[in-house]
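Notes for the one structure printed next.
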Amino acid sequence: RNPAAFLRRPLEAALVDTENPLVLKQHLLCAAAEEPLSAELGDASLFGEALYLEGVQALVADGKLQPVGAGGDGWRLVDAGGFLPPNNIRSIEPDLIRVLYTRRRREQQQSLDLQAEEQFGEEEEVIDEVERWRIYYELFEGAIYLNQGRKFIVQELDLDRGSAYVQRTQARYYTRSLDKTHVAVLQRIHTTPAAVGFGEPVFFGRVRVVLSVSGFVKVWSKTGEAFEEVPLHLPPREFDTRACWVDLPYDVVRSVTSSHQDGTATGSDDAASGGGGESTQAEGPLQLDAGLHAAAHAVLAVLPLHLSCEPGDVCCECEALREGRLRSKRLLFFDRCEGGLGIARRTAAVLPPMLRSALELMKSCPCSDGCWNCVHSSKCPEYNAGTSKRAALVILERLLARDMAASLMTEPLAAGGKQVPSEGWASPHSRTLSGVREGAAHDACEPASMMSRSIGRFRRLVPKRDLAALEARME
C-alpha cells in the first residue's frame with residue numbers, strides 16, 4: 001500500500017548512540033587496537049570529554065587498556081597475542097545466553113556382529129546465542145522454544161553459567177510468560193516544545209525499567225485456549241535506558257472515557273469498519289489503557305518508515321492488563337537495550353508525524369477492532385491482549401486535532417489565575433506540579449505526582465471565596 005509515499009520518502013539517517021556506555025567501550029577498544037588513544041591528539045573531542053574519560057577509566061579497570069607515555073595521557077590495548085578482544089556485532093549486551101541442545105551420537109560404526117550392542121554418547125551443540133532479556137519471554141524452564149522451524153522445550157536454565165539446555169519436542173501447545181514491566185521516569189533531559197498542529201510537548205529522558213515474571217501458561221496451538229498455569233521464579237531484571245513520551249491532556253482522556261458506541265465516537269468507528277457509511281457498533285465503552293496499547297503498537301509499526309531501526313529495538317509502555325497507577329496517562333516508548341540505542345532520542349523529534357502515520361495506518365485498515373496489519377504486533381510481550389483499535393483512533397484523532405491554543409484553554413484556572421492540571425492529569429504547562437524537574441534526577445516522581453493530583457482536586461472542590469479565606473488563615 002502507498003508505494004508513492006514509500007518511494008518519495010528521503011533516506012533515513014542511520015546513527016549510533018555513542019552516549020551508551022556499552023557502545024562507547026566497544027568503539028574505544030577498536031580505536032585503541034589501531035592506534036593508542038590520546039587526549040592531546042583530540043580523541044576526547046570525538047566522544048565528549050566526560051564520556052571519553054569515563055569509558056577509558058572503565059576499560060582500564062577491566063584490564064583491557066593500559067597507560068602509555070611519560071605523562072600517562074595515552075592508553076593502548078592490552079597485549080592479547082595480536083588479536084582484538086571479541087566484540088559482538090549482533091548485540092551490544094555483554095551477557096548472552098547460550099542455547100545448548102544435547103543430542104545422542106553413536107560412539108562407533110555399526111559392525112556385522114548382530115549381538116554387539118551399539119554404544120551411544122551425548123554431545124552438546126550450541127544452536128543459538130540470545131540476549132539475556134529473552135529468557136523472560138522465550139527461554140524460561142518449561143518454555144517452548146522455536147529455532148529454525150524446530151520445536152524445543154527448555155529443560156534447565158543455568159543463569160550462573162549462562163546456558164539454557166533444550167530438547168526436541170512435538171508438543172501441541174506454546175507457552176506464554178506472565179510478566180510485569182514497570183517504567184519509572186528518573187530524569188527529563190530534553191523537551192520538544194509544543195507547536196501548531198500538535199499542542200503537546202514531547203519529553204525525552206532517562207527511565208528505569210523493571211521486568212519481573214511470576215509464571216507462565218500453556219496454550220493449545222489450535223484453539224488458543226490456555227489450559228495450565230505454572231508458577232515460575234526468575235530474578236527481576238532492572239536497567240536504565242532512554243525513553244520519549246507525551247502526556248495525554250485531560251480533554252483527550254475525557255473524550256475516550258466518556259465515549260460509548262451509541263453515537264459518541266461514530267466517526268472513528270466508520271474509519272475502523274472501512275468507511276462504507278455504516279459503522280460497526282460494538283458493545284461497551286472505550287477502554288483508555290487498551291487504546292493507548294493499540295496506538296503504541298501502530299506507532300511501532302510505522303517507526304521503521306521514519307527511522308533506521310527495527311520494531312523490536314523499541315518497546316512501549318502497556319498498562320491495559322495492570323493495576324491502575326496514580327499518574328498521568330501517556331504514550332511512552334523506550335529503548336530495549338540498557339543505556340539506550342539513540343532511537344528514543346530521535347523518536348522524540350519526529351513523534352508528531354509518526355502519530356499521523358499511525359492514524360493513517362489504522363484508518364486505511366478495513367478491520368473492525370484491530371488485526372496484524374494495524375495494531376497487532378509480533379513483538380508484544382502481552383501477545384496483543386488488551387488492545388482496542390476503536391479507542392486508539394479516538395486518542396490519536398483528538399491528540400492530533402489539538403493546537404497550542406486549545407491545549408492552554410482546556411486547563412481550568414485556580415485562585416490567582418494560575419493554571420492547574422484538570423482531574424490530576426499532568427499538564428505540560430505546569431512543571432511545578434509535574435513531579436519531574438527539567439535536568440534533575442527525580443527518583444520519587446510518582447509520589448510527587450500524587451501530591452500534585454490531590455492539590456488540584458482540592459482547588460477545584462473548594463469554592464474560590466472559601467479557598468481565599470483558607471489561604472489567608474494559613475498565612
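The numbers here are math on the coordinates, done by the rules we state, and not lab data. Since the model is a prediction, treat every value here as computed from it, not as a measurement. Reconstructed Cβ throughout: ideal geometry from the backbone, glycine too, with neighbour counts over all protein chains shown.
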- Message: Can you list residues from other chains, or at least 5 along the same chain, whose modelled amide H is less than 5 Å from the amide H of residue 78?
- Response: 65, 66
- Find the relative contact order for the stretch 151-195 and round it to a whole percent, using C-alpha pairs within less than 8 Å whose residues are 6+ positions apart. 27
- Under a cut-off of 24 Å between alpha-carbon atoms, report the lysines in cross-link reach of residue 64, not counting same-chain residues fewer than 8 places apart. 25
- FRET efficiency (residue 66, residue 104; Cβ distance; R0 56 Å; to 0.05) is 0.75
- Task: Just grab the label-to-label distance for residue 168 and residue 8, each label 7 Å out from Cα along the Cβ direction, in nm (one decimal).
- Result: 5.4
- Task: Hey, can you grab everything whose amide H is under 5 Å from the amide H of residue 215? Only 5+ residues off in sequence or another chain; H modelled, so Pro and N-termini drop out.
- Result: 178, 232
- Note on the structure: Interchain or sequence-distant (5+) residues whose placed amide H lies within less than 5 Å of the amide H of residue 145 are 152, 153, 154
- Magnitude of the charge dipole, the stretch 131-217, Cβ model with Lys/Arg +1 and Asp/Glu -1, debye to 20: 160
- Of 253, 217, 163, farthest towards positive along the dipole that unit charges on Lys, Arg, Asp, Glu beta carbons give the stretch 156-261: 163
- Item | Members of 151/389; 151/379; 218/389; 329/389 lying beyond 29 Å, as alpha-carbon distances in this model show | 151/389
- Taking the Cβ of residue 216 as the center, what net charge do the other residues with Cβ under 12 Å away carry, scoring Lys and Arg +1 and Asp and Glu -1? -3
- Message: Could you check the spin-label model distance between residue 73 and residue 257? Points 7 Å from the Cα along Cα→Cβ, value in nm.
- Response: 6.1
- Query: For the stretch 199-244, what is the charge dipole size about the Cα centre, in debye to the nearest 20, if Lys and Arg each add +1 at the Cβ and Asp and Glu each add -1 at the Cβ?
  - Reply: 180
- Whole-Hz Karplus couplings 3J(HN,Hα) for the stretch 340-348, θ = phi - 60° and coefficients 6.51, -1.76, 1.60, Gly and Pro as x, run x, 10, x, 6, 5, 5, 6, 5, 4
- Summing Lys, Arg as +1 and Asp, Glu as -1, what charge do residues with Cβ under 9 Å from the Cβ of residue 25 carry, residue 25 excluded? 0
- What is the extension gain from residue 239 to residue 180, computed as 0.36 nm multiplied by their sequence separation minus the C-alpha to C-alpha distance, in nm to one decimal? 19.8 nm
- Surrounding charge for residue 41, neighbours by C-beta under 10 angstrom, Lys/Arg +1, Asp/Glu -1, total -4
